[in-house]
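Note sheet for the following structure.
The values are calculated or read from the model by the stated rules, or taken from the named source; none is laboratory data. Just so we're clear, the structure is a prediction, and the values are computed from it rather than from any experiment. Cβ sites come from the backbone with ideal geometry, for glycine too, and all protein chains shown count toward neighbours.
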Amino acid sequence: MGAQLPLVMALDDPGAVPGVVGGKGASLGRLARAGFGVPPGFVVTAGGYLDFIGRGGLREPVLAAASAVDVSDAAASGVAAARIGELFAGRPVPAPTAAAVAGAYACLGDEVPVAVRSSATVGDLPGMSAAGQHDTYLNVCGEAAVLDAVRRCWSRPGRSPRPLLARPPGPAASGTTAWPGTTCGATATSARPSPMS
């Protein structure tokens, strides 16, 4: 893997590995490359997420909000997760990532409805699974709505703040630096059936 991660990848790109696109994105990519009926789509990579964090000046405020929390304290975790969500909500997706997402979305067709879902680049922790904890947005239509759904995938801890705060800051599986969250990728697949369906 090179030093510069792409911002967006086609779902069936052979480079769509868990450390770059998250587990869900990588699994969908493997299925698509194997010829299974996966709808066409793309993945906003950990590179796109890191672009959002870096250009938005979010790294330090997010680390500060998360590092002061004992994850066993549900109330404090909830407050920190809400603060991180507020930080993200106030930031637009940076122009390079927005352009890459817009281009990938346009390749799917004109105003195609897609599902946008998080895809974690690091696995579950011993004694804690994040499965089902993050949000999925269905029937998202239009470039602006897709970008908003991607940003919300990055910003929302879903049904529980614990997965967002449970990981210490440091290198993710890809060798990139991740904040203490799991949502580093977002996968968009069209609602149209694939030709193999």
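Kindly indicate whether V43 is modelled with pLDDT of 85 or more and in a strand (DSSP E or B).
Yes, satisfied.
Name, by its number, the condition in (1) part of a helix (DSSP H, G or I); (2) touching a Leu at 6+ places or on another chain (Cβ under 9 Å); (3) at pLDDT 85 or above; (4) within 25 Å of P18 (Cα to Cα) that does not hold for A149.
Exception for A149: condition (2).
I'd like the residue in region 58-71 that is out of contact with any helix residue (DSSP H, G or I) (no Cβ under 9 Å at 6 or more places or on another chain) and without any contact (Cβ under 8 Å) to a residue 24 or more places away in the chain and, out of all such residues, is farthest from A98 (Cα to Cα).
So, considering only residues that are out of contact with any helix residue (DSSP H, G or I) (no Cβ under 9 Å at 6 or more places or on another chain) and without any contact (Cβ under 8 Å) to a residue 24 or more places away in the chain, the one farthest from A98 (Cα to Cα) is A64.
Going residue by residue through region 48-60, is there one that turns out to be under 27 Å from E111 (Cβ atoms), crowded, with 22+ Cβ neighbours inside 10 Å and among the aromatic types (F, W, Y)?
yes
Condition test on V43, is it within 11 Å of the chain's Cα centre (by Cα) and more than 21 Å from V112 (Cα to Cα)?
no
Quick check on F36: is it of a type outside the set (S, T, N, Q) and either surrounded by 24 or more Cβ atoms within 10 Å (Cβ to Cβ) or under 11 Å from the mean Cα position of the chain (by Cα) (or both)?
Taking the combined requirement at face value, the residue does not satisfy it.
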